[in-house]
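Trainee: Got a structure for you, written out below as structure tokens; questions coming shortly.
The values are calculated or read from the model by the stated rules, or taken from the named source; none is laboratory data. All values derive from a computational prediction rather than experimental measurement. Cβ placement follows ideal geometry from the backbone for every residue including glycine, while neighbour counts extend to all protein chains displayed.
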Amino acid sequence: MTQPSESTSFGIVENWDRETDVVVAGYGGAGAVAAIEAHDAGADVLIVESTEQGGGNTLVSFGGFLCPTNVEDAVTYISGLFELSLSEKDDSLIRTFAEESVKNVEWVKSLRPDVEVHSYGGAGFPQVPGADSMKKYIVHGSEKGGNAFAKHLFGLLCHAVEETRGIPVMTRAPARRLVTNARGAVVGLVVEDQGNAVAVRARRAVILATGGYESDPRMLRNHVKGFPIHSLGHPGNRGDGVRMAQRVGAGLWHMNGVSCGFGLKVPEFESAFAMLFGHPAHVYVDRNGRRFVDETRIEGHAGLLAVDYYDAQALKYPRIPFYAIFDEALRSKGRISHMAGIGAAGAAYEWSRDNRDEIEKGWIIRAGTLGELARKIGVDPASLADTLDRWNRDARQGRDGQFGRSMNPDGPSACIESPPYYAVTMHPALINTQGGPRRDAEARVLDAFGEPIEGLYSAGELGSLWGLLYQGAGNIAECMVFGRIAGRNAAAETSRG
């Protein structure tokens with residue numbers, strides 16, 4: 001990349017290479033929605049995207065979005081998540097999200113006359129008051145595979161951006177620096193385009209929709225407890241928007257908030273594979289060979305909270321990694337994970353139906369005896385044998401004496417006793433991070449003292465409203481809600497000449 005001048009690096013540009021009313025940095029769900037809304041409000045819009053095709057985490061997610069049934073119950077439920085987790089909350093932001101998110105289905109349907117949406121689930125934490133208001137939706141279509149609904153949704157957004165509205169998109173053009181004027185207002189950004197620094201003037205505003213920092217190991221170590229943590233999401237989410245916003249004075253919040261499942265990390269892929277076992281004949285054991293949780297009651301987006309325990313006596317994270325243990329009976333029933341097709345790695349690789357390819361690759365560890373399996377994964381053989389003996393006794397009696405895991409006496413056997421035996425090395429695997437520059441209910445980015453930074457807006461997981469407890473499908477809903485708000489408000493800014 002040709003280095004910009006020293007003055008450009010510090011936010012002063014004498015000659016602009018390109019101008020528009022609103023510049024949107026990032027072409028995932030949030031960026032697409034913001035661009036659509038700004039365009040429809042009468043602004044000229046340019047999208048800049050660091051990758052070749054865009055999509056971000058929206059394209060590699062399950063593709064679900066939240067549309068609550070009513071505002072007041074949604075406010076109660078979301079507020080409850082903050083109160084229970086002791087995360088910092090903003091009541092006005094929560095109310096705005098609730099008021100706008102109830103319109104999400106209607107808004108999605110407005111993008112194209114033939115759009116079909118279907119409801120598929122509800123609250124991640126049904127014990128919290130107001131949970132009945134949570135309703136999740138997907139966009140129906142013809143795609144197949146784990147990311148099918150995400151492809152339907154992002155395809156719809158792309159159609160609205162590129163075909164219906166003709167909004168220009170610069171791809172392979174990562175944003176590098178925000179540009180400010182003498183009074184600190186954001187007036188544009190510097191983009192890298194084919195190795196050159198291109199200064200883009202934003203006559204009205206810049207909208208940051210660059211995603212989180214789940215693929216930046218340094219930021220994760222500094223802000224999220226647990227190590228190592230891998231990512232299921234888009235490899236391009238490296239915290240660029242966080243750093244750019246910090247440089248112009250943004251205050252940060254929710255940096256320890258993540259949406260996190262469990263995954264298998266292999267050298268062949270930068271992202272991890274999502275691991276979610278549907279069959280009961282499996283247990284999770286820690287690095288000491290012992291069970292530590294009811295495997296079936298870990299909320300799918302709160303996996304890190306189940307394993308980020310640090311043993312201050314042993315001086316290690318005994319549950320990172322941990323191991324999923326199962327036998328030949330489960331292996332032969334089909335893909336071990338219902339979610340292996342979700343995420344960036346899942347979108348690029350088709351998991352074999354009988355798991356044999358993954359055994360051959362060494363991703364799934366196989367052994368003829370439990371003792372051999374224990375040695376291969378580095379746990380005490382006697383401890384693992386005791387764990388499985390107790391589990392099998394409990395499974396035959398239909399009662400988990402350790403953690404009260406539910407047993408279905410009329411369902412498939414939960415016993416693990418048919419050799420060969422298998423293990424999958426499991427890590428916390430981020431769906432996405434939530435932290436970043438704090439925004440207000442108008443989608444304006446706030447400085448470290450809580451004041452809006454003139455000319456700067458944000459949307460999506462970058463500085464998300466969600467804290468330590470996350471409601472599934474809430475991030476794409478947030479892309480829609482604050483994408484719309486950011487787009488409208490950015491377009492309404494007075495042109496700076």
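Trainee: For region 213-254, what are the residues that are surrounded by fewer than 19 Cβ atoms within 10 Å (Cβ to Cβ) and in a loop (DSSP other than H, G, I, E, B)?
Mentor: Listed by number, the residues that qualify are LYS225, PHE227, PRO228, PRO235, GLY249, GLY251.
Trainee: Among the residues of region 450-458, are any free of Cβ contacts under 8 Å to residues at least 40 places away in the same chain, of a type in the set (D, E, K, R) and out of contact with any helix residue (DSSP H, G or I) (no Cβ under 8 Å at 6 or more places or on another chain)?
Mentor: Scanning region 450-458, I find at least one residue that is free of Cβ contacts under 8 Å to residues at least 40 places away in the same chain, of a type in the set (D, E, K, R) and out of contact with any helix residue (DSSP H, G or I) (no Cβ under 8 Å at 6 or more places or on another chain), so the answer is yes.
Trainee: It is to be established whether one or more residues within region 460-469 are more than 21 Å from GLY29 (Cβ to Cβ), assigned by TED's automatic domain parsing to the domain that holds SER119, in contact with a Phe, Trp or Tyr (Cβ under 9 Å, 6 or more places away or on another chain) and not in a helix (DSSP H, G or I).
Mentor: Taking every residue of region 460-469 in turn, at least one turns out to be more than 21 Å from GLY29 (Cβ to Cβ), assigned by TED's automatic domain parsing to the domain that holds SER119, in contact with a Phe, Trp or Tyr (Cβ under 9 Å, 6 or more places away or on another chain) and not in a helix (DSSP H, G or I).
Trainee: Determine which single condition PRO68 fails, assuming it passes every other condition in (1) within 21 Å of the chain's Cα centre (by Cα); (2) of a type outside the set (S, T, N, Q); (3) in a loop (DSSP other than H, G, I, E, B); (4) surrounded by fewer than 24 Cβ atoms within 10 Å (Cβ to Cβ).
Mentor: Answer for PRO68: the failing condition is (4).
Trainee: Scan region 364-393 and report the pairs whose first residue is more than 16 Å from PRO419 (Cα to Cα) and whose second residue is surrounded by 15 or more Cβ atoms within 10 Å (Cβ to Cβ) and of a type in the set (Phe, Trp, Tyr), with Cβ atoms within less than 7 Å and a gap of 6+ or a chain change.
Mentor: Qualifying pairs under 7 Å: ILE377/TYR323.
Trainee: Can you find, within region 113-145, the residue that is surrounded by the fewest Cβ atoms within 10 Å (Cβ to Cβ) among those that are in contact with a helix residue (DSSP H, G or I) (Cβ under 6 Å, 6 or more places away or on another chain) and farther than 14 Å from PRO68 by Cβ?
Mentor: GLU143
Trainee: In region 133-170, what residues are in contact (Cβ under 8 Å) with a residue 60 or more places away in the chain, assigned to a loop (DSSP other than H, G, I, E, B) and out of contact with any Pro (no Cβ under 7 Å at 6 or more places or on another chain)?
Mentor: The first filter runs over region 133-170 and keeps only residues in contact (Cβ under 8 Å) with a residue 60 or more places away in the chain, leaving 133-139, 145-154, 157-158, 160-161, 165, 167-170.
In the following step, the residues that additionally are assigned to a loop (DSSP other than H, G, I, E, B) were identified as 134-135, 145-147, 165, 167-168.
Listed by number, the residues that qualify are GLY145, GLY146, ASN147, ARG165, ILE167, PRO168.
Trainee: OK, next. Can you say whether VAL424 is closer than 30 Å to ARG201 by Cβ and β-branched (Val, Ile, Thr), as far as the supplied structure shows?
Mentor: Spelling it out, it is not the case that VAL424 is closer than 30 Å to ARG201 by Cβ and β-branched (Val, Ile, Thr).
Trainee: Evaluate region 289-312: report whether one residue or more is on the phi < 0 side of the Ramachandran plot, assigned to a strand (DSSP E or B), free of Cβ contacts under 8 Å to residues at least 40 places away in the same chain and of a type in the set (Asp, Glu).
Mentor: The answer is yes, given that some residue of region 289-312 is on the phi < 0 side of the Ramachandran plot, assigned to a strand (DSSP E or B), free of Cβ contacts under 8 Å to residues at least 40 places away in the same chain and of a type in the set (Asp, Glu).
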